[in-house]
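Contents: one structure, followed by commentary.
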Amino acid sequence: MTTIDTVVVGAGHAGLAVSKLLTDAGREHVVLDRGRVGDRWRTERWDSLHLLTPSWMTRLPGWSYSGSDPDGYLSVGSFVGYLEAYAASFAAPVVTDAAVHEVTAAAGTDPARRYRVTTTRGTWHARHVVIATGPHGTPYVPAGLAGADGVEVITSNHYRNPARLRSGGVLVVGASASGLQIADELSRAGRDVTIAVGRHTRMPRRHRGLDIFWWLENTGRLARTIDDVPDAAAARAETSLQLVGRDDPERATQDLDLGRLQARGVRLVGRVDAIEGRTARIRDDLAATVGAADVALHRFLDSLDRFVERVGLGGQLWDGPRPRPVAVGPAPTRLDLRAEGIDTVLVAAGYRPHHPWLRLPITDADGTIRQRRGVTPAAGVYVVGQRFQHRRDSGYIDGARHDATSVVTHLLPSSGSAGQAAEVSAQREEPAA
């Protein structure tokens, strides 16, 4: 059993951001991960995946992308290498293969041994615990899919490539970033694909010649805080952007949307209510769902164009065509999966919070950790990297640096390090080696 000041749970980008700031402040700590650095990126992503954000946005405390293609999109493998290099740059105290079994309040009154963290690699007592397991908890599978018979139901975190699926057609459930990209890849591999379209956020890869994330950052949208929105719960439940990152120069900036998939033969249907045996019941809501996304898209682009005029950039940017509305016709409300040759239902319906090892009274009924700027109701327990934790970009790689700074600045004074906290809050990003 080891006593240490701080335990960080998770060696992904958020946990390493916290570790870097604690290291710079001279704070004793350990970073625990169930696998290796960036384990979820290694084990729960498909082979061809690239980041949605351009490489210039891959910024962590004291570290940033310095390669030859800042406007490109890192592959999963490249990003894992980026995290490994980051961890090595400051000798991050990562303990690998340390799956956390439980985090509990420790017996006694010694503040230095306030919490007990039990893992497969031993037990730590700590004054502070930082939960940095990211926004992806457990895949959400609608209850109605439990009745599927004779088809394989898998979630997107288990998908690797078309060859690893059963032969035959695929019903993809979900039309946000993951569902759209997987449907695209399966279609290009020659599979018959049907995509069940739920609520989604349509977005062009570029607007007026600039990547959409340039606009999101420079108009202040990514820095918008949870205090600025009228409904925090709705903001945190926003769907991921319908985007794709690619390393193919000819297609890297092309939009990927439902219209492009439909033009290639992918069938669009409404949301799946349930699968009973080999029959899928489908809602008659496709046109309404697609129409609402198109309206929201153009409202957003209108706001960007107003920004251009307000700051005087009108003569310096392209004025290209906007994405066309997605035209959909009548869609079936029932699918006979056997008759359609559908052997796989691939669910890409997002994630739900999941912390079964967290034995502290700081979670809501849905598993969400209660927090304010990363500070939870349990003294000395923090969280980093949740969706819209404080800023809109909190769940992105780039946004974790802000939450990490806020958390570490709050944590250090409780160990008598107020001066170090001020120093940490002033950290600047330096190019990666």
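The values are calculated or read from the model by the stated rules, or taken from the named source; none is laboratory data. It should be emphasised that the depicted structure is a prediction, and the values quoted were computed from it without experimental measurement. All Cβ positions, glycine included, derive from the backbone under ideal geometry; neighbour counts span all protein chains shown. Side chains included, ligands, DNA and RNA excluded: accessible areas come from the protein's heavy atoms. Shrake-Rupley method; radii C 1.70, N 1.55, O 1.52, S 1.80 Å.
Given the criterion over 22 Å from Asp247 (Cβ atoms), charged (D, E, K, R), in a loop (DSSP other than H, G, I, E, B) and open to solvent by 50 Å² or more (accessible area, probe 1.4 Å), identify the matching residue among Arg27, Arg34. When all the criteria are applied, what remains is Arg34.
For the stretch 192-209, the criterion of being without any contact (Cβ under 8 Å) to a residue 40 or more places away in the chain and closer than 30 Å to Arg306 by Cα is met by none of the residues. One residue stands out among those in the stretch 289-326 that are open to solvent by 70 Å² or more (accessible area, probe 1.4 Å) and either in a helix (DSSP H, G or I) or under 18 Å from Glu217 (Cα atoms) (or both): the one that is modelled with the lowest pLDDT, which is Gly315. Of everything in the stretch 329-362 that is open to solvent by less than 50 Å² (accessible area, probe 1.4 Å) and assigned to a strand (DSSP E or B), the residue that is farthest from Val170 (Cα to Cα) is Leu358.
Among residues that are over 15 Å from the mean Cα position of the chain (by Cα), modelled with pLDDT of 95 or more, among the small types (Gly, Ala, Ser) and not in a helix (DSSP H, G or I), Gly190 is included.
The number of residues in the stretch 240-266 being open to solvent by less than 50 Å² (accessible area, probe 1.4 Å) and either of a type in the set (A, V, I, L, M, F, W, C) or within 21 Å of Val328 (Cα to Cα) (or both) comes to 12. Summed over the stretch 212-239, residues that are open to solvent by 40 Å² or more (accessible area, probe 1.4 Å) and either in contact with a strand residue (DSSP E or B) (Cβ under 9 Å, 6 or more places away or on another chain) or among the β-branched types (Val, Ile, Thr) (or both) total 5.
Cβ separations smaller than 6 Å between residues 6+ apart or across chains give the following pairs from the stretch 144-156 residues that are touching a residue at least 24 places away in the same chain (Cβ under 8 Å) and over 29 Å from Arg42 (Cα atoms) to residues that are among the small types (Gly, Ala, Ser) and surrounded by 15 or more Cβ atoms within 10 Å (Cβ to Cβ): Gly144/Ala274. Per the conditions (1) in a loop (DSSP other than H, G, I, E, B); (2) free of Cβ contacts under 8 Å to residues at least 40 places away in the same chain, the sole criterion not satisfied by Ala223 is (2).
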